[in-house]
Amino acid sequence: MDGYNGTVFAYGQTGTGKTFSITGVPKDPVLKGIMPRSFESIFKQIECDNSKEYLVRASYLEIYNEDIKDLLVKNGSKKLELKDKDTGVYVKDLSTFVVKNPSDLNDVFDEGNLNRHVAATAMNEHSSRSHSVFTITVESS
């Protein structure tokens, strides 16, 4: 919220708790994960700051078999391109959604998760077969 980028990265063997650490049980105040807690934190900070106007947007992509896919587009089978310009790396044509509260962010996150590639493995019947990047952009003026 002070103008710095941040990243939460979950990495490890199948079945070690990455998904639980990230999502947990979103509606449970004790068992909710990093994402639902961060959604709430962002909007609590915005609510406490009457000196600025805020715009919060979210996007969600998947990298699967070296292809980039927008998880928030119906039938999002179109392969997206990774681009680089002076302001940094971005994904061309990736959709973003304006969100007004933690519930909106949860809805966007849940919608994207429904579109991820999953398949059973010997260790986890709901294992994701891809990598995903959920991005929250907070702008203030």
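The values are calculated or read from the model by the stated rules, or taken from the named source; none is laboratory data. These numbers were taken from a predicted model, which means no experiment stands behind them. Every residue, glycine among them, receives a Cβ derived from its backbone with ideal geometry; neighbour counts consider all protein chains shown.
Values computed for the structure shown
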{"read-out": "Qualifying positions in segment 86-95 - surrounded by fewer than 14 Cβ atoms within 10 Å (Cβ to Cβ) and not in a strand (DSSP E or B)", "value": "ASP86, THR87, ASP93"}
{"read-out": "Segment 3-14 - residue that is out of contact with any Lys or Arg (no Cβ under 8 Å at 6 or more places or on another chain) and at pLDDT 85 or above and, of those, surrounded by the most Cβ atoms within 10 Å (Cβ to Cβ)", "value": "VAL8"}
{"read-out": "Residues that are of a type outside the set (Ser, Thr, Tyr), in a loop (DSSP other than H, G, I, E, B) and free of Cβ contacts under 8 Å to residues at least 60 places away in the same chain, drawn from segment 66-85", "value": "GLU66, LEU72, VAL73, LYS74, ASN75, GLY76, LYS78, LYS79"}
{"read-out": "Residues within segment 108-133 that are within 16 Å of PRO26 (Cα to Cα) and either modelled with pLDDT of 95 or more or of a type in the set (A, V, I, L, M, F, W, C) (or both), tallied", "value": "3"}
{"read-out": "Some residue of segment 74-92 being of a type in the set (Val, Ile, Thr) and closer than 18 Å to THR23 by Cα", "value": "no"}
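Yes/no per residue for (1) acidic (Asp, Glu); (2) at pLDDT 90 or above; (3) under 14 Å from the mean Cα position of the chain (by Cα); (4) surrounded by fewer than 13 Cβ atoms within 10 Å (Cβ to Cβ):
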{"site": "ILE22", "(1), (2), (3), (4)": "no, yes, yes, no"}
{"site": "ASP28", "(1), (2), (3), (4)": "yes, yes, no, yes"}
{"site": "PRO36", "(1), (2), (3), (4)": "no, yes, yes, no"}
{"site": "GLU47", "(1), (2), (3), (4)": "yes, yes, no, yes"}
{"site": "GLU62", "(1), (2), (3), (4)": "yes, yes, yes, no"}
{"site": "ASN65", "(1), (2), (3), (4)": "no, no, no, yes"}
{"site": "ILE68", "(1), (2), (3), (4)": "no, yes, no, no"}
{"site": "GLY76", "(1), (2), (3), (4)": "no, no, no, no"}
{"site": "ASP84", "(1), (2), (3), (4)": "yes, yes, no, yes"}
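Quick grid of which residues meet (1) more than 19 Å from ILE136 (Cα to Cα); (2) in contact with a helix residue (DSSP H, G or I) (Cβ under 6 Å, 6 or more places away or on another chain); (3) of a type in the set (A, V, I, L, M, F, W, C):
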{"position": "GLN13", "(1), (2), (3)": "yes, no, no"}
{"position": "ASP28", "(1), (2), (3)": "yes, no, no"}
{"position": "LEU31", "(1), (2), (3)": "yes, no, yes"}
{"position": "PRO36", "(1), (2), (3)": "no, no, no"}
{"position": "LEU94", "(1), (2), (3)": "no, no, yes"}
